[in-house]
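Okay, so here's the structure we're looking at.
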Amino acid sequence: MKLRHWQQDCVKKALELYQSQSHFMCLATPGAGKTVMAAELSARLIEQGSIDFVLCFSPSSEVNESIRSTFSRRLKKRFDGLIGAIGSVYTYQSMPSLTADFWQLLNSHNVLVIMDEVHHLKGVELNDANAWGEEVLLNIQNKARYTLALSGTPWRSDSAPIVLSRFTEPDNTVHCDFIYGLRKAIAEGVCRQPHITLIDNEEIKLDNNEKSETFTSIAALLEGSSYSYRSLLNNQQVTHYLLKQGVSKLEDIRKSNPLAGGLIVATSIKHAKKLHQMLIANFQQTACIVTSKFKNPSGTIKTFRENDTQWIVSVGMISEGTDIPRLQVCCHLSSIKTEMHYRQVLGRILRVTSGKEQQAWLFTLAEANLSEFAHRIGQDLPEMPVITSQKARLPINLALANNSNYVEVEQDEDENLKFSSLSLSIEQSTASNKSNIEEENDYNLALLGGYKEQIVRMFDAYLH
C-alpha cells in the first residue's frame, strides 16, 4: 500500500508522540486518505509489538465497510471481530449496546482504538457528554493503550467540546497533533481543486394576497419575510435551474471522464423522489436514490460506486466518510445549514482519481449561511481565491400554474435573460405533521429577475 507524503509524515509523528502520550488527533481534509493512514499506523504498532488488537468506530455502516476493507488489506488479517481477526469496526450507534465482556478486551490486552469523524463524540466530562461520548469516557479513556482521533472538520455545530480533545489558548480551539489542510492537499495533487457556485436571483416578488414585496436576493427574501429556506428548496423552478447547472457541468466533465458522477443532497425522502424524477424526466439522466429507509443502502452505494450511472440522490447517507471517488459534481439541496455538514458534502467530490478531468463543482443556493461558508473556505487561503459574478443563461416564458406538474420551457438566445412572471404555491406542513413532509407557505413566489451565479473559484492563482 503506497503512502502519500502526508500519510508517511503523520504516521511518523504519531509513533513519536505515542512515546509520551496515549492520544493522537489527526485533522486531514476530506478526501485526503485518513483511513489508509490509520491502517498504516496500526500495522506499525502491531509490528512493534505495542498493540494486540485494533478497534475502530465510525458514524455509519457505509463508512465501516470502507474501513474494514482497507484495514484487512493492509494488516493482511481478518478485520471482522471473529476468531482469528486482528480487530473490527463498529458504528457509534452500536456503542451503548456493547457489553462489559466486550470492553474487557481493553483491560486484558493492548488495544488501539480509532475514532473516525470524532466530532460526533461530545464531552470531556460525563456531565457534558452525549451518549456516544459517554461510552468513550467510561470504557475507552485511560483504558485503551492508544487512541487515534480522525476528523476532517474538528468542531461541532453546537460548539460543544469533542471527547478526549485538548484545547489551545486563548481561542479555545481543538488541538490537533497533525494537520493536513486542503490547500496543501490540492498543491500535492491529493485533492481536486473545488469550485463553488452560488445561485441567486436579483428580483423576487412575494405575494401573500394581502401585500406584495420584492427582494433583490435569496438572502434578502429569507431574512425579510417568513418564506422558508425549505420551501425554496421545494420550488420546482429553483430546483430545476440548480439541477440544470449540475447536469450541464457533469456532461462537460464526462466528455473526458465518462465515469464521472454527480451527487444530489436532498432534504427528505419525498424531496429526493421529486429530484430523482426531475433528473430522469426533464434531463434524461440515469440516477438512483439512497436513504436510510431503503433496503440495502450499502449495496446501492457500492453499485453506484462501481458503475457509470450519472447521479445518485441521497438523504443523509453520503455526507461524510463515504468514499465514491468518481463523484465530481454536487447539488446541495439539503435543509441542513451548518458549516460542518457543508464542508463534509464538499469533501465528497474532492477525492482524486486517475481520470483526465479532475474538476470538482458544488452548486448551492446563495442562502446567507451557505454563502458565508463558501467564502470562508476561500478566506482560508487569502491570496488565492478569485471571486467573479456573471449572468446565467436562462429559459424564459416559463409558466407554472399553482400545484401543477413541471412544464417544459422555451429557450432564448440572450444570455442576460430574466423570468417572466412565475407563480406557484408551496405546500405547507402543520407543526404536528412536519416530519418528512415539505413545508408550504401561503404565498405566491414570482422570480422576475435574471438568475445570477457567483462562482467562488478557489486556489486558481496558486495552481496556475
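The values are calculated or read from the model by the stated rules, or taken from the named source; none is laboratory data. Predicted model only: the values in this text are computed from it and were never measured. Cβ sites come from the backbone with ideal geometry, for glycine too, and all protein chains shown count toward neighbours.
Looking only at residues in region 270-307 that are hydroxyl-bearing (Ser, Thr, Tyr) and in contact with a strand residue (DSSP E or B) (Cβ under 6 Å, 6 or more places away or on another chain), the one that is surrounded by the fewest Cβ atoms within 10 Å (Cβ to Cβ) is 291.
Looking at 251, 223, 202, 210, can you tell me which residue is surrounded by fewer than 20 Cβ atoms within 10 Å (Cβ to Cβ), in contact with a Gly (Cβ under 7 Å, 6 or more places away or on another chain) and not β-branched (Val, Ile, Thr)? Checking each option against the conditions leaves just 202. Among the candidates 281, 266, 272, the residue that is touching a helix residue (DSSP H, G or I) at 6+ places or on another chain (Cβ under 8 Å), touching a residue at least 12 places away in the same chain (Cβ under 8 Å) and not assigned by TED's automatic domain parsing to the domain that holds residue 120 is uniquely 266. Note on region 58-78: residues that are free of Cβ contacts under 8 Å to residues at least 60 places away in the same chain, in contact with a helix residue (DSSP H, G or I) (Cβ under 7 Å, 6 or more places away or on another chain) and buried (at least 18 other Cβ atoms within 10 Å of the Cβ) total 4. Please work out if residue 140 is free of Cβ contacts under 8 Å to residues at least 40 places away in the same chain, within 30 Å of the chain's Cα centre (by Cα) and under 24 Å from residue 43 (Cβ atoms). Yes; evaluated as a whole, the condition is true for this residue. Does region 90-102 contain at least one residue that is over 24 Å from residue 12 (Cβ atoms), among the β-branched types (Val, Ile, Thr) and out of contact with any Gly (no Cβ under 9 Å at 6 or more places or on another chain)? Yes: region 90-102 contains one or more residues that are over 24 Å from residue 12 (Cβ atoms), among the β-branched types (Val, Ile, Thr) and out of contact with any Gly (no Cβ under 9 Å at 6 or more places or on another chain).
Filter region 119-149 down to the residues that are assigned to a helix (DSSP H, G or I) and in contact with a Phe, Trp or Tyr (Cβ under 7 Å, 6 or more places away or on another chain), then identify the one that is farthest from residue 98 (Cα to Cα). Looking at residues that are assigned to a helix (DSSP H, G or I) and in contact with a Phe, Trp or Tyr (Cβ under 7 Å, 6 or more places away or on another chain), I get 119.
Checked against the criterion of being crowded, with 23+ Cβ neighbours inside 10 Å, basic (Lys, Arg) and under 15 Å from residue 177 (Cβ atoms), the candidates 34, 13 yield just one match: 34.
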